[in-house]
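Contents: one structure, followed by commentary.
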Amino acid sequence: MSYNKNTCIRNRSNRVLLIYTGGTIGMGKNPKTNALEPLDFNHLISQIPEFSSIKTGIDVYQFTPPIDSSDMTPNLWTQLVRIINDKYEQYDGFVILHGTDTMAFTASALSFMMENLTKPVILTGSQLPIGQLRTDGKENLVTSIEIAAAHHDDGTPVVPEVCIYFSGRLLRGNRSTKMNADGFNAFDSFNFPHLADAGISIVYHEEYILHPDFNRPMIPHYSTDPNVVVFTLFPGIQDNIVRHMLEAPELRGIVMRTYGSGNAPQRPWLLKMLKEASDRGVNIINISQCAAGTVEMARYDTGYQLKNAGVISGYDSTVESAVAKLMHLQGTYADPLMVRNGMNCNMRGEISI
C-alpha cells in the first residue's frame, strides 16, 4: 500500500475495476426465443450514456462465459479473490456484478477470504436487465461505482469492506440476505443497520463501517472446504433421515436452523445424534429460522440441551454467512477445535457478541 510520505495522503489510482460474473444485469432477450441470455458487458457499457459522466476511470474484467449465479461455486469465489488480489494495487475499489440468487453467499465468502481488506468490494446486480426501459441496473451500477471510489480527505476509502448495494441500500455483505424475488428492494440486513442509504445524496453511517489497519496488507485466503450441510428443523422430522445425513463420513460442519431463539425438539434420538456427531469433530452451528433476532441457547431448556450436546451458538448470523464462514474455516484448519473457536469469534463483523 503506497503513501505520500510528506503529507501522509494515501496515493490513489482514481480507477475502479468492474468484474462481471454474470446475472440478470448483463442479459438481453434472444430475438428468436425471447429468453434472457448473457451479452457482452463491454458492449452494454458503451450504450450507457451515464458512464460518460462518471469521473472515476473504469476497467472491465468479464467472466468468459458469464455464469448464472445458481452455478456459483467455492472455486469461483477463489477465482474472484485471486483477481482482486492480483489487481489490488492498481485500483481504488472493486465492483462485482453478480446474479442475485447467490449474491449474499458470495459476499459472505469474500468477506472471510480477504483478511484486513482495505478497499471497497461492492457486489450489485439487478432484477431487470440493464438494457430494459424500467431497469434498476443503471442506478445500482452507477451508485456502486461511486461508493467504490468514495474516499476521505486522507485518501482512505469510506467503505473498506465487502458490501452489497441494491435499491438505495448499502449493506454489509456477510449480514445480507435476499428477501424479495420480484421487487427492486431484493436485499436487506435484518440484524445490522445499513452502512449507507442512497437518495438524492449518499449518506454513510460511518459508525457501523469496519475500520481495517491501513498499515497492514490485505491477506487473501484461497482454500475452502464445502463439506457442510444446512439442516432445517420442522415438526415431524424423522430420525432415520437425520441419521443418514449426520453419519456421512465427509461431513465436517452443519448449519442447523432451529426455532425461535435457538430451540429444538427435546427428542432423545436427536440430542444423541447431535452429540455423537459433535464428539467426532463435526461442528454444528445453531442459527434461528427467523429473519431477525439472535440465538440465545440459555433462554429455554430446549436450547440448553442443544448446548450440552455440543452445538455452537451462531448468534445472529445469516444462513449465507454461517455456511461461508464454516467453509472458510474448514479450508483453513484441519483441527475441528480451531474451526469451532473461529465460529465463536466475530471475524468480519458478521455476528453480534
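The values are calculated or read from the model by the stated rules, or taken from the named source; none is laboratory data. This structure is a prediction, so every number in the text was calculated from the model and none was measured. Cβ atoms come from the backbone with ideal geometry, glycine included; neighbour counts cover every protein chain shown. Ligands, DNA and RNA are stripped out before the accessible areas are found, and what is left, the full protein with its side chains, is counted by its heavy atoms. Shrake-Rupley method; radii C 1.70, N 1.55, O 1.52, S 1.80 Å.
Helix 74-86 axis versus longest C-alpha principal axis of the chain: approximately 40°, rounded to the nearest ten. Amide H to amide H distances under 5 Å link Asp316 with Val295, Ser352, where only residues 5 or more positions off or on other chains count and H is placed in the peptide plane. Just from its helices, what would the mean residue ellipticity at 222 nm be for the chain, if runs of 4 or more DSSP H residues each count -39500 (n - 2.57) and the sum is divided by every residue, rounded to the nearest 500 deg cm²/dmol? Per the formula, -8000 deg cm²/dmol. Across Ser52, Ser108, Ser176, mean-square fluctuation computed from a Gaussian network of the chain (C-alpha pairs under 10 Å connected) peaks at Ser52.
Taking amide H positions as modeled 1.01 Å from N, with prolines and chain starts lacking one, the residues under 5 Å from Val60 and 5 or more places away or on another chain are Leu18.
Overall, the anisotropy analysis places the range 37-179 in the rounded class: the square-rooted eigenvalues a ≥ b ≥ c of its C-alpha gyration tensor yield a/c less than 1.5.
How large a share of the accessible area of the chain, in percent, is made up of carbon and sulfur atoms when the probe is 1.4 Å and the other protein chains stay in place?
51 percent
Between Lys307 and Glu276, the FRET efficiency estimated from the beta carbon spacing at R0 = 22 angstrom works out to 0.90.
Each of the GluC sites (Glu not before Pro) that DSSP puts in a loop and that has at most 13 other Cβ atoms within 10 Å breaks the chain; the longest unbroken stretch is 1-246. Rolling a 1.4 Å probe over the heavy atoms of the protein chains gives the range 220-353 an accessible area of 45 Å² per residue. Rounding to the nearest 10 and keeping the result within 0 to 90°, find how far the Cα-based axis of helix 268-279 lies from the longest principal axis of the chain. Between the helix axis and the principal axis of the chain, the angle is about 60 degrees.
Could you tell me which of the pairs Lys138/Lys178; Lys272/Lys325; Lys178/Lys275 are separated by over 22 angstrom between their Cα atoms in the structure shown?
Over 22 Å apart, Cα to Cα: Lys272/Lys325; Lys178/Lys275.
Accessible surface ranking for Leu270, Leu251, 1.4 angstrom probe, highest first: Leu251, Leu270. Each 10 Å bin from zero up to the one holding the largest Cα-Cα distance in the range 196-319 carries the following percent of pairs: 12, 34, 25, 17, 11, 2. For the residues Leu128, Leu110, Leu76, a GNM of the chain with alpha-carbon springs under 10 Å puts the largest fluctuation on Leu76. Could you report the range 138-198's accessible area per residue, 1.4 Å probe, as an integer in Å²? Spelled out: the 1.4 Å probe surface of the range 138-198, per residue, equals 31 Å².
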